[in-house]
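Structure record follows, encoded as structure tokens.
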Amino acid sequence: MDPRIVGTLLKKEINDSLNNRWFMLYAAAFTGLALLLSWLSLSGGGMGYSGFAGFGRTAASLVNLVLLIVPLMGLTIGAGGISAEREHGTLHYLLAQPVSRAEVLLGKYLGLAASLLGALALGFGLSGVIIAGRGGQTDAGAYGLLVIFSFTLALGMLSLGFLIGILTRKAAMATGIALFLWLVLVFVGDLGLMGTTLAFKLPIQAVFNLALINPLQVFKMSALMSINATLDVLGPAGIYAIQTYRDNLTWMFLGALFAWIILPLLAAYGVFARRGDL
């Protein structure tokens, strides 16, 4: 693998992202909402989990924002990364050059990842300025952990979007599947877990293990821990997690989120390397 080729493709993806109106809209929406929520939370308004105050309430509002916007960004951007170029014919032209499929996939992924994380960093950075400027009692370490967990969630959703884009032939279909999966993860995840628990009367351990399957649930639990909140707000499953795993919880959550980055990306490469019609 030639790092120069990967770097060239990375720069191309960043330039394409800056010229992509949907990506810029996502970035502007996330940054604007992060600033608004930070301002309102420190003013005593805004949305958040009950029982939080000050920085905790602001961070909880940002957690809600990340849960809603970041998966949508990662899934749709990733789904269009390969499928759109295949549909326009540029992917065939690119693969006709002296480049390997691994270089193409890695270059495109890293370029989109850099663009996505850059947009999130802008939103979190300006939000941190608002918090500090308005006298919020900010725990820099806790805020940094929240940003790290948000980044890992974004990369996991981007990997999953890449897999969707490679498995589908049309960009519109890839985007549609990505949107459907976003709806399932965001709106059906909690309800599905609750319904399954009630229907099958699952033990607390099984409920916690099921929550680990959903990357959004993992992010929510890890984010609550990063802002020094208690997992009691998640009910018996949160209490069980604290009592059972204690100091190992953060590493467990990070491991689960990194698995969502690596496994879908490896699966995407496996399909991409073997399909001759790409």
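Descriptive notes on the structure:
- Cα gyration tensor category, rounded, prolate or oblate, for the stretch 72-118 with a/c compared to 1.5: oblate
- Relative protection proxy for 86-95, 149-158, from highest mean packing down: 149-158, 86-95 (other beta-carbon atoms within 10 angstrom).
- Summary of the geometry: the stretch 137-167 and the stretch 115-134, compared by the centres of their Cα atoms, lie 14 Å apart.
- Inter-site label distance for Val184 and Leu126 at 7 Å from Cα along Cβ, in nm: 3.4 nm
- 3J(HN,Hα) along the stretch 22-38, derived from phi through the Karplus expression 6.51 cos²θ - 1.76 cosθ + 1.60 where θ = phi - 60°, amounts to 5, 5, 5, 5, 4, 4, 5, 5, 5, 5, x, 5, 4, 5, 5, 5, 4 Hz, with x in place of Gly and Pro.
- Under Karplus coefficients 6.51, -1.76 and 1.60, residue-wise ³J(HN,Hα) of the stretch 9-17 in Hz, glycine/proline x: 5, 4, 4, 4, 5, 5, 5, 4, 5
- Calculated FRET value between Leu68 and Arg101, using beta carbons and R₀ = 30 Å, to 0.05: 0.30
Where a number appears in this text, it was derived from the coordinates with a stated rule and is not lab data. Small disclaimer: the values here were computed from a predicted structure and weren't measured. Neighbour counts run over all protein chains shown; Cβ positions are idealised from the backbone, glycine included.
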